[in-house]
1. Can you pull out the chymotrypsin sites (Phe, Trp or Tyr not before Pro) in segment B:78-174 whose DSSP state is coil and whose Cβ has at most 15 other Cβ atoms within 10 Å?
2. Show the residues, 5+ positions off or on another chain, whose built amide H is closer than 5 Å to the amide H of residue B:139.
3. Pairs of alpha-carbon atoms within less than 8 angstrom and 6+ residues apart define the contacts here; what relative contact order does segment B:174-284 have, in percent?
4. With a 1.4 Å probe and every protein chain left in place, tell me how much accessible area residue B:144 has, in Å² to the nearest 10.
5. Tell me the per residue accessible area of the protein assembly as shown using a 1.4 Å probe; a whole number in Å² is fine.
6. Could you calculate the FRET efficiency of residue A:241 with residue A:35 from 1/(1 + (r/R0)^6), where r is the beta carbon distance between them and R0 is 41 Å, rounded to 0.05?
7. Summing both sides, how much accessible area is buried between B and A? Use a 1.4 Å probe and give Å² to the nearest 100.
8. To check you understand DSSP bridge types, tell me what percent of the beta bridges within chain B (both residues inside) are antiparallel, rounded to 5.
Number of protein chains: 2
Amino acid sequence: MTISIIGVGLLGGSFALAVREKYPKVKFIGVDASIVHGELALAKGLVDEMLPLEDAVPVSTLVVLATPVNTIMDLLPRVLDLLPTGATVIDLGSTKGLICDIADQHPKRAQFVPVHPMAGTENSGPGAAFKELLPGKNLIICDREKSYPDSVKLVEALFRDIGMKIFYMTPKEHDLHLAYVSHLSHISAFALGLTVLEKEKDEKAIFDMASTGFSSTVRLAKSSPQMWAPIFDQNRTNVSQALADYIEFLQRFKEVIDQQDISTSLDFMNRANIIRRVLDGIERK
Amino acid sequence: MTISIIGVGLLGGSFALAVREKYPKVKFIGVDASIVHGELALAKGLVDEMLPLEDAVPVSTLVVLATPVNTIMDLLPRVLDLLPTGATVIDLGSTKGLICDIADQHPKRAQFVPVHPMAGTENSGPGAAFKELLPGKNLIICDREKSYPDSVKLVEALFRDIGMKIFYMTPKEHDLHLAYVSHLSHISAFALGLTVLEKEKDEKAIFDMASTGFSSTVRLAKSSPQMWAPIFDQNRTNVSQALADYIEFLQRFKEVIDQQDISTSLDFMNRANIIRRVLDGIERK
């Protein structure tokens, strides 16, 4: 079996490392616009060779699109055009609506399986890839019924075997939920980072006074702008609504503090505390 | 030497554990409004005995006020009234302005040293105390010149010896900086938790789709409302301004997303990425 990874970064590279461990005979081909990424991916053993897309896709059993989501939209029709009969292409993008719309217009739609692994870190590139990123996490497969059953079986077998739990939903459900549980938390972290950096012109003051609590809350502000700008754009209707909801809670919190309404302040925080039940589960994953 | 810990929770208990390791002959007395906390503190070895405040303070070399900040304000004058000559009282509160104002009105002001250890977790109570919480972190001492030099020396010696780095500033500077690097990140996490819980009535959906990134950003939403409500209240002018700044950034981010202005979106995130330099330092602490 030959698997091509288009975009040998954190996610594509981590997928390759996890699959390699379970399927040592699979040949991995890397495709990347960056020569340096290609060199790193080869040096780290993420892939066995680097090839141009046009040479990699026709010899692949499985093609994995692991680039930023705007590039996935550009590349998916080209990959489907080049894809041999019986082969499968998946994307690992954090948005699913527009990508599935593009796929739906292609005559080879059934060879495509849109997936999204619920995993990531604030780091990017092949240097950030590690084989433990995906095992134990969840994978969402969208529009399963639009793909060939054999393509779905291949994808399920690989992801289950590297230790992922699989969920199914529509692209619309996916994008709505993700706006709240992932995209919003990235924007809240980026904005927190900006607010603090703007106020504290002296970075040393932040460093001296911030605790690990601040560090945890703002961690995602380190994430890749090139990856996130197209995600926010593709999912802008949902993200905009999530942001509006979030801003409204912040404004109400501000009013409560301004008015010294301690009992409502306590009530807000007691309600937010319920998140502990959810988080304790996530952290055990 | 006898040290009384008033409020045998996360911070008071962790301080006792760290000091005990370096100064095994110190006797620790606990004072707590909760009988259960007292039992836990004794069982865990945080303190040697539990006493009422009126009995503990007169026999203490050092009294540590480690309660929520509103209780610190209530207790500080009582503790100073009872404090023997030559003894010292410190508070570990996350706000310093109002607490120092109260102290300034007391005839025994010079026996008080206001400090704030830049450390904490989202957990509270004696069960959450651990001896590694404070070592390696920073301590802020406010208004050093208003305290007896010997009291300052005692405090510096203890905190330095448990591995903390000491900084000095005014209560006003402290409260302004903390609004941005600590209080704001707690509110942003509480509001994020509320927003997601409000939208996702089914907690399992959050659990299935959230990644460790969400978990990290929202972690502080697990924090104790009883501890944080009075902090936000005491520091409300600064916190309200920090929240206004944060909401403004979020609104600008929302407009940029609504208008599909990718280049400004990238610019915001690239600027936020600068936080990496600061965070990499904090995480190495």
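1. Passing both the DSSP loop test and the Cβ count: B:130.
2. Placed amide hydrogens put B:118, B:165, B:166, B:167 under 5 Å from residue B:139.
3. Value for segment B:174-284: 31 percent.
4. Taking all protein chains as shown, residue B:144 has close to 110 Å².
5. 38 Å²
6. Values: r = 41 Å, r/R0 = 0.99.
For residue A:241 and residue A:35, the calculated efficiency is 0.50.
7. Chains B and A together bury approximately 9200 Å².
8. Around 10 percent of the beta bridges assigned by DSSP in chain B are antiparallel ones.
The values are calculated or read from the model by the stated rules, or taken from the named source; none is laboratory data. All of these numbers come straight from a predicted model, not from anything done at the bench. With ideal geometry, Cβ positions are generated from the backbone for all residues, glycine too; neighbour counts draw on all protein chains shown. SASA here: full protein model, heavy atoms, side chains in, ligands and nucleic acids out. Shrake-Rupley method; radii C 1.70, N 1.55, O 1.52, S 1.80 Å.
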